[in-house]
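The values are calculated or read from the model by the stated rules, or taken from the named source; none is laboratory data. A quick note: this is a predicted structure, and the numbers were derived from the prediction, not measured. In this analysis, Cβ positions are derived from the backbone assuming ideal geometry, glycine residues included, and neighbour counts consider all displayed protein chains. Surface accessibility is based on the protein's heavy atoms, side chains included, excluding ligands, DNA and RNA. Shrake-Rupley method; radii C 1.70, N 1.55, O 1.52, S 1.80 Å.
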Amino acid sequence: LASSDRLQLETKYSIDVHCATGEHGKVMSVLKQYAEDIVSNLGDRFPNVKTVSCFDVMSPSVIPKDDALRKDYGHAELNELLEWYGELVTEDGTTYPPIIKSKVLVQWDHWKDSLATRGVAGRETELDVTILAHELQNELNRDSYTDLRFLILVKVSFLLTSVYCERGFSIRTHHKTKENSSIGITLLNCKMMIQQNGPKPSDKEKFPLTIGGSMQRFKEHKDRFPNRSSAESR
């Protein structure tokens, strides 16, 4: 990445770190190394940041519904990607063939028209990942879309996220505190599932219903032994 791009990445984003004072230096060191490795990896894959932005036109939500606007839409970006992925590359004495060919432009025109015809173009941004996943399994999973399919796969890889995994770690830390370190895996899983999927305790309508339903299910499945209880012995 160019120095200006690095500066933009460094100044645009920030993260709050919550940890004990003694651990702060270690945590910050790990985060710094992690961020530097990500920037370095992206820099190796895409020396020109403009190459990355070219994939934006492939989001179904931004593809025009209007025929006239859609006609030449994305051609400049596809030509840019064609220069990057459609050329011979020689590295360490080994020459690699082009990954895509010029026919990707024809495939692009056919696909975006197909999206518009099927009413998929120009929909909500939140649906982009779902639509692209469906397209890769169906429409783009054909020999006639080989080159475009590769580009869409690269685009989808940008959208991969670990947010759900990180959220799970956060919820686990919320329950398995130092004061509650003896909590077992079974109970911990139950508490995490409740916090993730259940209503908030402040919800006076749904929360009592959930508790009541849970207790009813517990009574139906839990084996009880009244003859062993202290009350019975008395």
### Task
Tell me, please, whether a residue that is within 30 Å of V129 (Cα to Cα), of a type in the set (F, W, Y) and either open to solvent by 90 Å² or more (accessible area, probe 1.4 Å) or assigned to a helix (DSSP H, G or I) (or both) can be found in the range 167-182.
yes
### Message
What's the total number of residues in the range 107-128 that are open to solvent by 80 Å² or more (accessible area, probe 1.4 Å) and part of a helix (DSSP H, G or I)?
### Response
4
### Query
Within the range 134-166, can you find the residues that are of a type outside the set (G, A, S), surrounded by fewer than 12 Cβ atoms within 10 Å (Cβ to Cβ) and assigned to a helix (DSSP H, G or I)?
Q137, D143, F158, V163, Y164, C165, E166
### Task
Among the numbered conditions (1) under 19 Å from S157 (Cα atoms); (2) not in a helix (DSSP H, G or I), tell me where P98 comes up short.
(1)
### Summary
Selection from the range 60-76 of residues surrounded by fewer than 18 Cβ atoms within 10 Å (Cβ to Cβ) and either touching a Leu at 6+ places or on another chain (Cβ under 6 Å) or assigned to a loop (DSSP other than H, G, I, E, B) (or both) yields P64, K65, D66, K71, D72
### Query
Which residue pairs have Cβ atoms under 8 Å apart, sit 6 or more places apart or on different chains, and have a first residue in the range 49-76 that is at negative phi and among the polar types (S, T, N, Q) and a second that is surrounded by fewer than 12 Cβ atoms within 10 Å (Cβ to Cβ) and part of a loop (DSSP other than H, G, I, E, B)?
S61/E124
